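Shown next, in structure tokens, is the structure this report addresses.
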Amino acid sequence: MTSIDSRCTAASAEAPPPTTGRRKSLLFCPTCEFESSADGNWIVRATADERELVCPDCRSTVATR
Ligand SMILES: [Zn+2]
């Protein structure tokens, strides 16, 4: 008997302090022009062997990595 206890640790209120001088690459949604940094407000959807960044506005896949 195997019990897989996979807990999704969703950090809901994680606000990093504003650091000036370190620029993160911005990603743009081609559909609705939503923009955010690569680790910003995107919905991260894990697939078999990679992660997809999904636009929180229109739910289109913006990037895979
Ligand atoms: Zn969008």
*Is there any pair linking a residue in region 26-37 that is open to solvent by less than 40 Å² (accessible area, probe 1.4 Å) to one that is within 8 Å of the ligand (Cβ to nearest atom) and among the β-branched types (V, I, T), with Cβ under 8 Å and at least six apart or on different chains, and which?*
C29/V62
*Which members of region 55-65 meet the condition of being within 11 Å of the ligand (Cβ to nearest atom) and either modelled with pLDDT under 95 or open to solvent by 80 Å² or more (accessible area, probe 1.4 Å) (or both)?*
D57, R59, T61, V62
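The values are calculated or read from the model by the stated rules, or taken from the named source; none is laboratory data. Because the structure is predicted, anything quoted here is derived from the model rather than measured. Ideal geometry is used to build each Cβ from the backbone, glycine not excepted, and the neighbour counts take in all protein chains shown. Calculation scope for accessible area: heavy atoms of the full protein, side chains included, ligands and nucleic acids excluded. Shrake-Rupley method; radii C 1.70, N 1.55, O 1.52, S 1.80 Å.
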